[in-house]
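Nothing in this text is a laboratory measurement; each read-out follows from the coordinates by a stated rule. Only a predicted model underlies this, so the values are computations on that prediction, with no experimental measurement involved. All Cβ positions, glycine included, derive from the backbone under ideal geometry; neighbour counts span all protein chains shown.
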Amino acid sequence: MKTNLSFVDRYRQLIQIPTISSLDEKYDISNKALIELLAYWLSDFGFKTEIIAVEGSRKKYNLLATYGEGEGGLLLAGHSDTVPYDEGRWNFNPFQLTEKDGKFYGLGTADMKGFFAFVVDAISQIDLKQLKKPLRILATADEETTMLGARTFSQHAHIRPDCAIIGEPTSLKPIRAHKGHIAQAVQVIGKSGHSSDPANGINAIEIMHDVTGKLLNLRRDFQAKYHNPLFRVSHPTMNFGNIHGGDALNRICACCELQLEIRPLPSLAIQDAEALLREHLAPLIEQWGERIQIRALHAGIPGYECEHSAQIVQVVEKLLGEKCDAVNYCTEAPFIQQLCPTLVLGPGSIEQAHQPDEYLEAKFIEPTRELLTKLIRHFCE
């Protein structure tokens, strides 16, 4: 490994290292090897590197690499992990970078560990000794599951860059806002009995019918009271994703569970949305007590919005000649924005994220190199 490796060589090496994140331990893989590879490359360019164990994870690590001293400057960030893959649906080896018909195939080519090949490529084009403010590179862990890497980094970091770019695949279109994500389960505990005499039991499905009615009222309130015109779907959304109850036609259902998601606007805090959910269900909880249980399926992800007046927004819109947009999917931006104004901007299409035969089109290579070098020079020289 040498600093004169080509972009494709670096890209290939990143894709070769499995960094799958999964809540299922049997599929979860440590990202340490990839973090150590990035640290090696960046230290070879003169960066000071810090490999940070992510507390509460399964042998996962963040990397913070810094060139220069002092405050301000630019942070280029991204996650080092990928989703699992379905081997039967891939026509290419997920861990072998394959170039065909102007596309680079492989797991993580677009979403998004391949971004670090672009970052190192841009660094190789710059005389780092000319930088007057620090350039920092952050690679995080477990974005695809708990976002624990970014959560813990933002809680403990002492750096305060002028701004940050998260290189998620946006087709090089700048994103300055996205909705959050809340995943909840509502469980109703009834009482089983023979269906020939309904009075001998408590049917959990019937209570769940009342629960869904209250939740649909909440959804209507979201639509009526919360709006942000930056988003194509301008209000918070709620989706009933999974429901299960009962086990036999002739038995009174003793248990029914509904799993739902809420995608709040940046102006609606996670705790406020969760409080509204409980408020709408309060009459039923008062009636049925502990027979109705609410639990979080995972820690909520806040909505995110970077003010249009922020310097990073103004600079990027001028460089690209287009306005920033908003999206409905989630990134690590709400956590990184705790440190500094943050944009989401990177090569590749979000349509390729989490897909079999994931790929990134070669047409993104030159524009990404040019954009990253301009951003580094603007914020660090």
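Results, tabulated for the structure shown:
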{"quantity": "Using alpha-carbon coordinates, inclination of helix 365-380 to the longest axis of the chain, degrees", "calculated": "80"}
{"quantity": "Selected from LYS133, LYS191, LYS32 as most flexible by GNM, with the chain as the system and alpha-carbon contacts under 10 Å", "calculated": "LYS191"}
{"quantity": "Fewest-first ranking of HIS178, HIS244, using other Cβ atoms within 10 Å as the exposure measure", "calculated": "HIS244, HIS178"}
{"quantity": "Two-decimal Rg to Rh for the stretch 60-166 - Kirkwood Rh, Cα set", "calculated": "1.04"}
{"quantity": "At R0 = 30 Å, FRET efficiency that the Cβ-Cβ distance of PHE95 and LEU297 yields, to 0.05", "calculated": "0.50"}
{"quantity": "Relative intensity, log₁₀ I(q)/I(0), of the stretch 126-267 from a Debye sum that treats every alpha carbon as a point, q = 0.12, 0.19 Å⁻¹", "calculated": "-0.76, -1.17"}
{"quantity": "Within the stretch 200-273: Cβ-based charge dipole about Cα centre, in debye rounded to nearest 20 (Lys, Arg +1; Asp, Glu -1)", "calculated": "320"}
{"quantity": "Amide H contacts of ASN31 (H built 1.01 Å from N, under 5 Å, at least 5 apart or other chain)", "calculated": "TYR61"}
{"quantity": "Amide H contacts under 5 Å for GLY72, placed H, 5+ residues apart", "calculated": "ARG160, ASP162"}
{"quantity": "Neighbour-count order for PHE115, PHE240, fewest beta carbons within 10 angstrom listed first", "calculated": "PHE240, PHE115"}
{"quantity": "Positive-end extreme of charge dipole, the chain - chosen from GLN338, TYR359, ALA282 (charges on Cβ)", "calculated": "GLN338"}
{"quantity": "Cα→Cβ-extended label distance, 7 Å offset, between LEU320 and GLU25, nm", "calculated": "4.2"}
{"quantity": "Candidates GLY149, GLY246, GLY167, ranked by Gaussian network fluctuation over the chain, Cα under 10 Å, top entry", "calculated": "GLY246"}
{"quantity": "For the stretch 222-333, radius of gyration divided by Kirkwood radius, i.e. Rg to Rh on alpha-carbons", "calculated": "1.13"}
{"quantity": "Rounded if a/c under 1.5, otherwise prolate or oblate - the stretch 36-75, Cα gyration tensor axes", "calculated": "oblate"}
{"quantity": "Formal net charge of residues neighbouring PHE95 (Cβ-Cβ distance under 12 Å; K, R +1; D, E -1)", "calculated": "0"}
{"quantity": "Hz values of 3J(HN,Hα) by residue in the stretch 5-12 - Karplus curve (6.51, -1.76, 1.60), Gly and Pro given as x", "calculated": "4, 6, 4, 5, 4, 5, 3, 4"}
{"quantity": "Difference of contour (0.36 nm per residue) and Cα-Cα distance, SER43 to ASN4", "calculated": "12.7 nm"}
{"quantity": "Dipole in debye (nearest 20) - the stretch 9-162, about Cα centre, beta carbon charges: Lys, Arg +1; Asp, Glu -1", "calculated": "280"}
{"quantity": "Net charge of neighbours whose Cβ lies under 13 Å from the Cβ of ILE17, counting Lys and Arg as +1 and Asp and Glu as -1", "calculated": "+2"}
{"quantity": "For the chain, average projected area of the Cα convex hull in nm²", "calculated": "21.0"}
{"quantity": "Computed label-point distance, nm, for sites ARG251 and ARG377 using a 7 Å Cα→Cβ extension", "calculated": "7.1"}
{"quantity": "Pairs from LYS103/LYS179; LYS100/LYS173; LYS60/LYS214; LYS26/LYS374; LYS129/LYS363 whose Cα-Cα separation, in the structure shown, is over 32 Å", "calculated": "LYS60/LYS214; LYS26/LYS374"}
{"quantity": "Surrounding net charge for GLN271, when Lys and Arg each add one and Asp and Glu each subtract one, Cβ distance under 13 Å", "calculated": "-2"}
{"quantity": "Dipole of the chain, positive end: most advanced residue of PRO198, GLY241, ALA296 [Cβ charges, Cα centre]", "calculated": "ALA296"}
{"quantity": "About the Cα centre, charge dipole magnitude for the stretch 271-381 (Lys/Arg +1, Asp/Glu -1 at Cβ), debye", "calculated": "200"}
{"quantity": "Amide H within-cut-off set for GLY246, under 5 Å, with H built and near neighbours excluded", "calculated": "ALA254, CYS255"}
{"quantity": "Exposure proxy ranking, count of Cβ atoms within 10 Å, fewest first, for THR66, THR140, THR331", "calculated": "THR66, THR331, THR140"}
